[in-house]
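Worksheet: one structure, shown below.
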Amino acid sequence: MSNYFQKEIETMPVEQIKEMQSEKLVKQVKYVYDNVKYYRDLMDKKGVKPEDIKGLEDLHKLPLISKNDLREAYPYGLLAKDLKDCVRIHSTSGTTGKRVVAFYTQHDIDLWDDCCARAIVAAGGSDEDVCHIAYGFGLFTGGAGLNGGSHKLGCLTLPMSSGNTDRQIQFMMDLKSTILCCTPSYAAYIGETLKEKGYKPEDNHLKAGIFGAEAWTEEMRKDIEKNLGIKAYDIYGLTETSGPGVAFECEEQTGMHINEDHFIAEIIDPDTEEVLPLGSKGELVFTAIDKEAFPLLRYRTRDICVLSREKCSCGRTFVKMCKPMGRSDDMMIIKGVNVFPSQIEAVLLNEGYAPNYQIVVDRVNNSDTLDVYVEMHESDFSDKVKDMTKKEKSLQGAIKTMLGINPKVHLVAPKSIQRSEGKAVRVIDKRRRLGINV
């Protein structure tokens, strides 16, 4: 028997969902037009006025926006509220120093908490559970989102953050954690560590896990479920639209329900920008119809997926999205962090290196690895191991500061990185051989 956090909304007939979305969309477009000059200019350029949007059928008339717009408008250009009305920010990692900063009013956070609470309940959670949150806290949205949802539901919440696995396991066992929230790769690592310490799956009290922020396969899901003795659920979100909880998996585990009372989802052709019919594979676009501080309309996620309205056994009527099947840009997700090659290139240029580099991403023991190979200048190349090691560590620190994750840097001889038709192959993502969509 399915449980719901807000049953009336989560099981609302589809026609009512669409009516509600239309009503909210009309109000939100006027609100954004009146309060966000950047967006007003885009609409004016396209010849669209708020009164032209009378419902969902007119959504396609609005301009699309992308991460480039968010960077161009950094930091306050897309803010719709006075700063005194905002209570928090979150941020993604940035390229060339420009980060995406999302603002939140208390109202925004309350709605976000609701979305994450729905995800926890869909995974079998209730106010009797101990919710163990091992997503990172800080500017990253993972920890804050699930923490808020857990509080809203009334779980005993363990805000562990990531890392320090021995302490994670101590608290998990001593406080009898029942729901684990973290990246799938970290869940796999916890499972392996428990096994190394002599624990069997039945020795822990976990029943479910809510895992997101990075790509993972069905094979990885099965391994995690086996090693931890749980049912593993997917969750989706992005900082630009709030964070985790935009969509979540139910007990059927055949896709993630999008919280349609807060977000309108579209699928477009990434090249032509044409809206595609339901069931088509294309780029996912979101419109946030409730957000006050940072209300994005028709935001291109760059994630490739398919939407479905097939009836779900859980009783929820929200449209489902499949796991993202790839990206329409060059972004990689490594250890749950968005990484662009241009970020690394910017660091190299700032540190005085030529942009001749190669990024190698792999997954070893269920954890992402990042190796960066950088060609040195002829004049700087040295056979002295001590000199090379010092330079590698310095560059490694600079890249870590930019990305928030620790790479392994290898300084190599000039012209030693293989070129293809005169151009270096920038990224080798070995995770694809494992069947992981990245």
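The values are calculated or read from the model by the stated rules, or taken from the named source; none is laboratory data. Quick caveat: nothing in here was measured; it's all calculated off a predicted structure. Note that each Cβ is placed from the backbone with ideal geometry, even for glycine, and that neighbours are counted across all protein chains shown.
Just a few scattered comments:
- Criterion (at pLDDT 90 or above and under 23 Å from Pro270 (Cβ atoms)) met by exactly one of Arg298, Arg363: Arg298
- Each residue in region 33-43 was checked for being over 15 Å from Asp69 (Cα atoms) and surrounded by 13 or more Cβ atoms within 10 Å (Cβ to Cβ), and 2 pass.
- Single condition Ala213 does not satisfy, out of (1) over 30 Å from Glu292 (Cα atoms); (2) within 23 Å of the chain's Cα centre (by Cα): (1)
- Residues located in region 235-282, provided they are charged (D, E, K, R), surrounded by fewer than 24 Cβ atoms within 10 Å (Cβ to Cβ) and in contact (Cβ under 8 Å) with a residue 12 or more places away in the chain: Glu251, Glu252, Glu260, Asp261, Glu266, Asp269, Glu273, Lys281
- Condition check for Lys67: touching a residue at least 40 places away in the same chain (Cβ under 8 Å), among the charged types (D, E, K, R) and closer than 21 Å to Glu273 by Cβ: yes
- Some residue of region 92-104 being free of Cβ contacts under 8 Å to residues at least 24 places away in the same chain and loosely packed, with under 14 Cβ neighbours inside 10 Å: no
- Looking across region 21-37, just one residue is over 11 Å from Leu297 (Cα atoms), in a helix (DSSP H, G or I) and among the aliphatic types (A, V, I, L, M), and that is Val26.
- Among the residues examined, His151 does not qualify as under 21 Å from Lys335 (Cα atoms) and at pLDDT 95 or above.
- Matching residues in region 146-175 - criterion: being within 19 Å of Leu194 (Cα to Cα), surrounded by 16 or more Cβ atoms within 10 Å (Cβ to Cβ) and either small (Gly, Ala, Ser) or not assigned by TED's automatic domain parsing to the domain that holds Gly198 (or both): Ser161, Ser162
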